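Colleague: First, the structure itself, so that you have it in front of you.
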Amino acid sequence: MPKTVAVVDDEADVAALIRHALERDGYAVRVYADGGIAGAALERDPPDAVVLDLMLPVVDGLELCRRLRRNPKTAAVPIVMLTAKGEDVDVVAGLEVGADDYLAKPFSPRVLVARVRAVLRRAAQASEPNERSRIGPIVIDAGRHQVEVGGKVVALTATEFRLLRYLASRPGRVRTRGEIVDEALGDVDVLERTVDAHVTSLRRKLGDEGERIETVRGVGYRLREE
């Protein structure tokens, strides 16, 4: 059964181009031109991935991304933001609200398909049932793709989950930004600030335990065990 990708873009020609490219690669595609309608439909019937424009009528892309991340049914669905806003500040804003990747218009359909394929592959790898680990009150369950802090489930994006799992694989060891890109973030064209944005979001979601993720100036990050 083909993977389903939801495309949320109010430009009909762009949406048609994306649909064609994804369907040629074997995906089932659902298209929405309205952020409000898309939000209700995606929460009712979550797809395997979302290609999300930033500038949308009714509900914009940033707010729709926030809503999807707050809903347990869609919290782990990979999201690729596709928008004309390509400045660093826009990229960071999109990643901070939970996007897994970001591609600016104009774009190559082949690159977009490769990005969708990559986020789906990384999401599948993150959910492989081969590990359950604990760092203090933080429990990382790879099989269930779930993180608990003090017994309470914390909703993370697929990228945030991979990042935490990567840092937790060697507690106390400093991971450079380059290592984080290669091993946790994968194929994203990552700016240094992109890694920082994911770390900031992850810390916030972990609450007080977010302080365990320590910044090593000029190098990267490490997860303090105790």
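Colleague: Out of region 26-55, which residues are crowded, with 16+ Cβ neighbours inside 10 Å and touching a residue at least 40 places away in the same chain (Cβ under 8 Å)?
Modeller: Answer for region 26-55, where residues must be crowded, with 16+ Cβ neighbours inside 10 Å and touching a residue at least 40 places away in the same chain (Cβ under 8 Å): 27, 47, 48, 49, 50, 51, 52, 53, 54.
Colleague: Would you point out which residue out of 22, 120 is surrounded by 22 or more Cβ atoms within 10 Å (Cβ to Cβ) and touching a residue at least 60 places away in the same chain (Cβ under 8 Å)?
Modeller: When all the criteria are applied, what remains is 22.
Colleague: Would you say residue 111 is in a helix (DSSP H, G or I), over 17 Å from residue 4 (Cα atoms), out of contact with any helix residue (DSSP H, G or I) (no Cβ under 8 Å at 6 or more places or on another chain) and modelled with pLDDT of 85 or more?
Modeller: In short, yes.
Colleague: For region 23-55, which residues satisfy the criterion of being among the small types (Gly, Ala, Ser) and closer than 13 Å to residue 8 by Cα?
Modeller: Answer for region 23-55, where residues must be among the small types (Gly, Ala, Ser) and closer than 13 Å to residue 8 by Cα: 33, 35, 36, 38, 39, 40, 41, 49.
Colleague: Related question: Any residue in region 56-72 that's at positive phi: show its pairings with residues that are assigned to a loop (DSSP other than H, G, I, E, B) at Cβ separation under 6 Å, as long as the two are six or more apart or on different chains.
Modeller: Short answer, once both residue conditions are applied: 58/34.
Quick grid of which residues meet (1) under 16 Å from the mean Cα position of the chain (by Cα); (2) assigned to a helix (DSSP H, G or I); (3) closer than 26 Å to residue 25 by Cα; (4) among the β-branched types (Val, Ile, Thr):
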{"position": "46", "(1), (2), (3), (4)": "yes, no, yes, no"}
{"position": "51", "(1), (2), (3), (4)": "yes, no, yes, yes"}
{"position": "62", "(1), (2), (3), (4)": "yes, yes, no, no"}
{"position": "69", "(1), (2), (3), (4)": "yes, yes, no, no"}
{"position": "74", "(1), (2), (3), (4)": "yes, no, yes, yes"}
{"position": "80", "(1), (2), (3), (4)": "yes, no, yes, yes"}
{"position": "102", "(1), (2), (3), (4)": "yes, no, yes, no"}
{"position": "106", "(1), (2), (3), (4)": "no, no, yes, no"}
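Colleague: Going by what's in this entry, would residue 220 be described as in contact with a Lys or Arg (Cβ under 9 Å, 6 or more places away or on another chain) and either aliphatic (A, V, I, L, M) or closer than 26 Å to residue 118 by Cα (or both)?
Modeller: yes
Colleague: What do you reckon, is residue 3 at negative phi and touching a residue at least 60 places away in the same chain (Cβ under 8 Å)?
Modeller: For residue 3, the condition - at negative phi and touching a residue at least 60 places away in the same chain (Cβ under 8 Å) - is met.
The values are calculated or read from the model by the stated rules, or taken from the named source; none is laboratory data. Remember, predicted model here, so these are calculated numbers, not experimental data. Note that each Cβ is placed from the backbone with ideal geometry, even for glycine, and that neighbours are counted across all protein chains shown.
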